[in-house]
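Note sheet for the following structure.
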Amino acid sequence: MAKIFCVANQKGGVGKTTTAVNLAAGLAKLNQRVLLVDLDPQGNATMGAGINKGELKATIYEVLLGMASVSDVRKQSETGKFDVLPANRELAGAEVEMVELENREGRLKDALAAVESEYDFMLIDCPPALSMLTLNGLCAAHGVIIPMQCEYYALEGLSDLVNTIKKVHAKLNRGLKIIGLLRVMFDPRMTLSQQVSAQLEQHFGDKVFRTIIPRNVRLAEAPSYGMPGVCFDPASKGAQAYIAFGAEMVERIETL
């Protein structure tokens, strides 16, 4: 049975998509069967996996509205060696259309259940907002991976997200838990980064992943080539960190 994880943070620009795409590629390198679910209308995870979102005939939009199955819509990332449930701008319309539908928070969960046995991991890249799409992701998931920068504003947003996860856990998904906090775009030369990192470890203990993702130019360049950073430059510090994070995830799953 697949382990399903949301990569979520209500704050934008914190490396959610970079984390989702590179964790998918890192897990694939460790011989795990992975499905990356792009739940963001911007479709950045789709593009980062090397799939042209402008040429898609069907996307996750059709899956959520019950017009197609995951098997019909999924594509393979040729460089990353994982499957992708792609998205494009059409997905923004799903928010409005789903309001009228039955079981609107559980549409994604029901769709993924049909292919759950085919994967070891399903990773859901959520949009940077608490929307119906994010709610679908949280209801489908076993746990949440929270990527965050070690800066003051990130701590502010974190308390909001933790409260949201608690509410979803209480009312919609009793199995939902925080898997861990991932420190991303980390610059060890900045005193503030080190202070916030220490605060996180103090408050959240073993919920903070050991792996730290450094600020890395090669990770930022990779999407323009339609490749995960892990495949674009495997020797770079960023790629090495995501492969280590993939190994830590596999190890953490065994203890859950």
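Where a number appears in this text, it was derived from the coordinates with a stated rule and is not lab data. Note that the structure is predicted; figures quoted are calculated from it, not measured. Neighbour counts are summed over all protein chains in view; Cβ atoms, including those assigned to glycine, are modelled from backbone coordinates with ideal geometry.
Neighbouring Cβ atoms within 10 Å as the yardstick, rank I179, I60 fewest first.
Ordered from fewest to most neighbouring Cβ atoms within 10 Å, I179, I60 come out as I179, I60.
Taking the beta-carbon count within 10 Å as an exposure proxy, list S131, S224 from fewest neighbours to most.
S224, S131
Given the pairs K57/K171; K11/K75; K29/K167; K81/K177; K53/K166; K29/K109, which are separated by over 31 angstrom at their Cα positions?
K57/K171; K29/K167; K53/K166
Can you run phi through the Karplus equation (6.51, -1.76, 1.60; θ = phi - 60°) for segment 97-112 and list ³J(HN,Hα) in whole Hz, with x for Gly and Pro?
Going residue by residue, I get 5, 6, 4, 7, 7, 6, 6, 5, 7, x, 5, 5, 4, 5, 5, 6 Hz, with x marking Gly and Pro.
Build a GNM of the chain with springs between Cα atoms under 10 Å: which of N173, N216, N31 gets the top mean-square fluctuation?
N31
Got a sec to turn the phi values of segment 226-241 into Karplus ³J(HN,Hα) couplings, 6.51 cos²θ - 1.76 cosθ + 1.60 with θ = phi - 60°, whole Hz, x for Gly and Pro?
x, 9, x, x, 4, 9, 5, 9, x, 8, 5, 4, x, 5, 4, 5
Among K167, K81, K177, determine the one that fluctuates most according to a GNM of the chain built with springs between C-alpha atoms less than 10 Å apart.
Looking only at K167, K81, K177, the largest GNM fluctuation is found for K167.
If I model a spin label as a point 7 Å beyond the Cα along the Cα-Cβ vector, how far apart are those points for E97 and T255 in nm?
4.3
What is the fewest-to-most order of Y225, Y153, Y119, Y242 by other Cβ atoms lying within 10 Å of their Cβ?
Y153, Y225, Y119, Y242
Run the quick spin-label model on E201 and A247: label points 7 Å from Cα toward the beta carbon, then report their separation in nm to one decimal.
Taking the simple label geometry, E201 and A247 are separated by 2.0 nm.
Who wins for biggest fluctuation among I124, I145, I212 in a Gaussian network model of the chain, springs between alpha carbons below 10 Å?
Of I124, I145, I212, the Gaussian network model singles out I212 as fluctuating most.
Is it possible to state the helix-based mean residue ellipticity at 222 nm for the chain, with each DSSP H run of 4+ residues giving -39500 (n - 2.57), the sum divided by total residues, to the nearest 500 deg cm²/dmol? What is it?
Helix-only estimate at 222 nm: -13000 deg cm²/dmol.
List, in order, the whole-Hz ³J(HN,Hα) value for each residue of segment 134-143 obtained from phi through the Karplus relation with A = 6.51, B = -1.76, C = 1.60 and θ = phi - 60°; use x for Gly and Pro.
These are the phi-based 3J(HN,Hα) values: 4, 4, 4, x, 5, 6, 7, 8, 8, x Hz.
Restricting the count to DSSP beta bridges whose residues both fall in segment 3-255, what percent are antiparallel, rounded to a multiple of 5?
So the antiparallel bridges in segment 3-255 amount to around 10 percent.
Apply 1/(1 + (r/R0)^6) to the Cβ-Cβ distance of K167 and E78, taking R0 = 45 Å, and write down the FRET efficiency to the nearest 0.05.
For K167 and E78, the calculated efficiency is 0.70.
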